[in-house]
1. Hey, can you tell me all the residues within segment 1-33 that are in a loop (DSSP other than H, G, I, E, B), more than 17 Å from GLN64 (Cα to Cα) and more than 20 Å from the chain's Cα centre (by Cα)?
2. Please pick out the residue among ALA110, ALA90, ALA158 that is out of contact with any strand residue (DSSP E or B) (no Cβ under 6 Å at 6 or more places or on another chain), of a type outside the set (Lys, Arg) and within 24 Å of SER17 (Cα to Cα).
3. Write out, first by first residue and then by second, each pair whose Cβ atoms fall under 6 Å of each other, whose residues are 6+ apart or on separate chains, and whose first residue, in segment 6-17, is over 19 Å from ARG138 (Cα atoms) while the second is open to solvent by less than 40 Å² (accessible area, probe 1.4 Å) and in a strand (DSSP E or B).
4. Looking only at strands (runs of 3 or more DSSP E) that fall completely inside segment 70-187, which ones have 1 or more residues that are surrounded by 15 or more Cβ atoms within 10 Å (Cβ to Cβ) and touching a Gly at 6+ places or on another chain (Cβ under 6 Å)?
5. All but one of (1) open to solvent by less than 20 Å² (accessible area, probe 1.4 Å); (2) modelled with pLDDT of 90 or more hold for HIS207; which doesn't?
Amino acid sequence: MNCILVESVPGESIRLSERASTHVVRVLKKGPGDPLLAGIINGPIGMVPILGVEEGRVIIGRPQGTPPVTPPVDIILAMPRPKVMKRLWAPLASIGVGTITIIGGDRVEACYFDSHAVTPDLYQPRLIEGLEQVRDSRLPGVVIEPSFDRFASVLLPAWSTDGVRILAHHEGSSSMRNTVQPGRRVTIAIGPEGGWSRKENEVFSAHGFIPVSLGPRTLRTDTALIALLALAYDGLAELVPPAARVTPDNT
């Protein structure tokens, strides 16, 4: 990990978890008086002093400053196979997304939502792991909605209209570079590997989603998702979030 993230607690000092303490002492080889890059989840991130080590737990000063901005990209993702979803959480946090909305669909197996892959006790640590890799502290919001109909009737109409809406579609005539606009939020909807159904395509079209293609190749969900996010940030010219510009001291 390239920084240490902790939950917000009262006081001027913070006691790290056993996992984080072990990493600081054994991997980073730091001790009392050394600086450490640390952050509060959804709060400030910066260099803090290590104040001491008590019973194997590292105690650090409290990070100060302004929290990182929310990433300008949101994801709507048809629930992939659980083993794929499990390995996507950390990369999504690393690349940077504001919200992750996981939905069902005509070509999504309903049983996927019974998986451990979409439970907070699994995805929360993986999101934090992804943030620690890139020195960010802004945790993505997560919404799990197994019903496409409820998503279409309740969640989608309430979605902010101040932004660009993109529908990943193999027959799309637009490119990501020509669709995203610097300064405007981007929402990307990625369907199952079998594609969105006709009804689902019509719903997205009715809500202003622009079909965008990655070319003629049929890609797996995880490959398409990472490629779309990279292209979106390239178009937004906001590839590096502010938090990543913190200069670490051998962390």
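The values are calculated or read from the model by the stated rules, or taken from the named source; none is laboratory data. Because the structure is a prediction, the values reported are computed rather than measured. FYI the Cβ positions are ideal-geometry reconstructions off the backbone, even for glycines, and counts take in every protein chain you see. Ligands, DNA and RNA are stripped out before the accessible areas are found, and what is left, the full protein with its side chains, is counted by its heavy atoms. Shrake-Rupley method; radii C 1.70, N 1.55, O 1.52, S 1.80 Å.
1. SER17, LEU28, LYS29, LYS30, GLY31, PRO32, GLY33
2. Going through ALA110, ALA90, ALA158 in turn, just one is out of contact with any strand residue (DSSP E or B) (no Cβ under 6 Å at 6 or more places or on another chain), of a type outside the set (Lys, Arg) and within 24 Å of SER17 (Cα to Cα): ALA90.
3. Final answer for the pair search is SER13/ILE59; ARG15/ILE59.
4. Strands (runs of 3 or more DSSP E) meeting the threshold: 73-78, 99-103, 163-168.
5. Going through (1) open to solvent by less than 20 Å² (accessible area, probe 1.4 Å); (2) modelled with pLDDT of 90 or more one by one, HIS207 breaks only (1).
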